[in-house]
Amino acid sequence: MRVALPRPNVMDGIVSLPSWRCCWSTCGGSPRLSRLPAEHQSRRRSSMTWREQLIPAPMLRAAIVAPEEHMRRVLVEVADSGTFEPDPSPTGPANSTGTLIERATPLRPDASPLLSVSLVEVEELPTDADFSLLLGEAELEQRTEAASHVGRCVVLPGWIPARDIRALRALIAPHGGAVAELPTRHGLVTPTVHADSSVSKSLRPLVSTYATVPYRDIDPTLFAALSYMVMFGMMFGDVAHGFAIVALGVVAYRSNSGRLRAARPAAPFLIGAGLAAMGFGLLYGEAFGPTGLVPTIWFRPLDDPMKLLLVGLVVGSFLLATTFVLAIVNRWREAGPAVALYDASGIAGALIFAGGAAFVGGIAGSTVWLQQVGGALAIVGLVLTFTGMFVKAGRGGPGLAEAIVETFDTVLRLGSNVVSFTRLAAFGLTHAVITAVVWDGTVSLWNRNTLLAFIAATTLFAFGNLAAFTLGALVGAIQALRLEYYEMFSRLFATQGRSFEPWHIPTQRLDTS
């Protein structure tokens with residue numbers, strides 16, 4: 001069978017194909033395809049490239065097309081491939097399938113849907129043994145009813161990663177199916193394919209808890225994870241305490257039992273955060289506090305708290321600058337150069353930030369020209385921001401007032417964002433103070449040279465470090481997350497995306513013997 005594929009029309013997500021025709025001229029349902037290499041015959045999504053770790057994989061609007069008499073077999077292959085996301089279908093199976101599911105659900109509440117390659121008569125299924133097949137047939141029925149019927153053809157629209165379309169075509173062609181590319185319509189939200197490596201899956205919740213990365217945006221998962229680890233390490237700088245977190249991550253990764261196995265996906269994140277804490281611990285000369293177990297490579301926080309405060313501001317400014325770069329790219333990809341120029345999270349806001357930083361640096365260094373450059377950049381940024389706010393608010397007196405207030409609020413928020421990073425120093429000092437108090441108390445008790453004092457010193461050292469570890473890890477984790485969400489993600493994300501959720505039902509072959 002051959003399917004003639006003219007350009008389809010899409011209206012409100014429904015495919016209209018008045019000129020499609022099916023004829024029995026050949027034994028297949030797709031245009032003739034060249035043989036694909038063996039590595040492209042996989043029915044599973046392939047591993048993502050390094051580029052797709054930052055930029056989502058290209059997606060295509062497509063439709064599964066097949067004659068009515070072949071549609072079930074084609075949909076079985078599509079479901080088993082796990083590479084196609086059909087448009088939402090009406091909820092609830094129809095006809096006899098729905099009745100059987102209602103009757104059998106109490107018997108198999110944990111069953112997962114399965115499909116059989118051969119046609120299954122759902123009325124004949126023993127519900128206590130084959131409820132999974134019943135669920136699969138019910139879902140297949142839903143998809144078929146949701147599809148459009150054009151003559152003798154059935155059309156099921158949806159989304160597919162561009163890299164998977166050739167393999168899916170080759171998969172369903174022998175069964176009379178075809179995959180046709182469709183034009184996208186304004187207003188459709190393109191789904192985002194997430195990176196599927198184990199490390200990416202470990203780090204992704206840091207971003208997905210806040211928002212799903214829009215399809216056109218750069219995926220900030222790697223940047224967010226690295227910045228989180230740096231901020232956590234700065235607030236939890238201790239070699240011994242950091243090593244404990246690394247050990248916990250290693251145990252979680254290697255364990256196969258109990259709760260630690262459930263924590264395995266977070267193991268790379270724990271190891272990274274622990275290594276960051278160990279690194280800052282070496283810089284601070286901290287291991288169970290100021291014990292002298294490790295040398296001080298840089299400076300001790302308690303010896304120069306103002307220096308630590310300045311370091312926190314510098315680290316925060318660098319993270320904000322990187323966030324602005326990513327946000328500018330995102331605004332450009334989302335809505336074009338105009339939005340990237342005038343938006344407060346785009347070039348306009350970046351100029352205010354850069355100008356303010358240069359102006360403050362010029363004052364600190366008594367450099368007049370740097371003050372002048374910084375002031376000029378800030379003024380240009382303010383003008384651009386006000387223009388964007390004014391256009392968005394609408395002209396006239398109310399629009400002017402709103403634009404002034406919004407511009408002023410932008411400046412205040414930007415200043416508060418920078419100042420918020422001083423908490424990196426504040427909570428780093430808190431952790432250092434607690435461990436120093438524990439160590440001083442331990443030394444004081446130990447120097448009394450009595451058995452009771454030795455026991456008391458050991459107890460204080462053990463429980464004091466346990467308290468410092470627990471409190472420091474909890475506070476550091478929460479504060480680093482707060483900085484990520486409020487100071488960085490709030491300007492990085494302007495829209496909400498949605499994840500690519502491919503339709504996947506495994507296929508099994510019924511034993512007919």
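Some observations on this one:
- Charge dipole (Cα centre; +1 on Lys/Arg Cβ, -1 on Asp/Glu Cβ; no other charges) of segment 192-323 amounts to roughly 480 debye.
- Listing TYR215, TYR485, TYR284 from fewest to most neighbouring C-beta atoms within 10 Å gives TYR485, TYR215, TYR284.
- As computed over segment 349-492, the Cα convex hull volume per residue (Å³): 122 Å³
- Neighbour counts of other Cβ atoms within 10 Å put GLU286, GLU85 in the fewest-to-most order GLU85, GLU286.
- Residues whose amide H comes within less than 5 Å of that of THR212, counting only those at least five positions distant or on another chain, are GLY497 (H built at 1.01 Å from N in the peptide plane).
- Under the combined filter of DSSP loop state and at most 14 neighbouring Cβ atoms within 10 Å, segment 156-215 retains these trypsin sites (Lys or Arg not before Pro): ARG185.
- Expressed as a fraction of 2.2 N^0.38 Å, the C-alpha radius of gyration for segment 234-295 is 1.21.
Every read-out reported here was derived from the displayed coordinates using simple, explicitly stated rules and does not represent laboratory data. Please read these numbers as outputs of a predicted model, since none were measured by experiment. In this analysis, Cβ positions are derived from the backbone assuming ideal geometry, glycine residues included, and neighbour counts consider all displayed protein chains.
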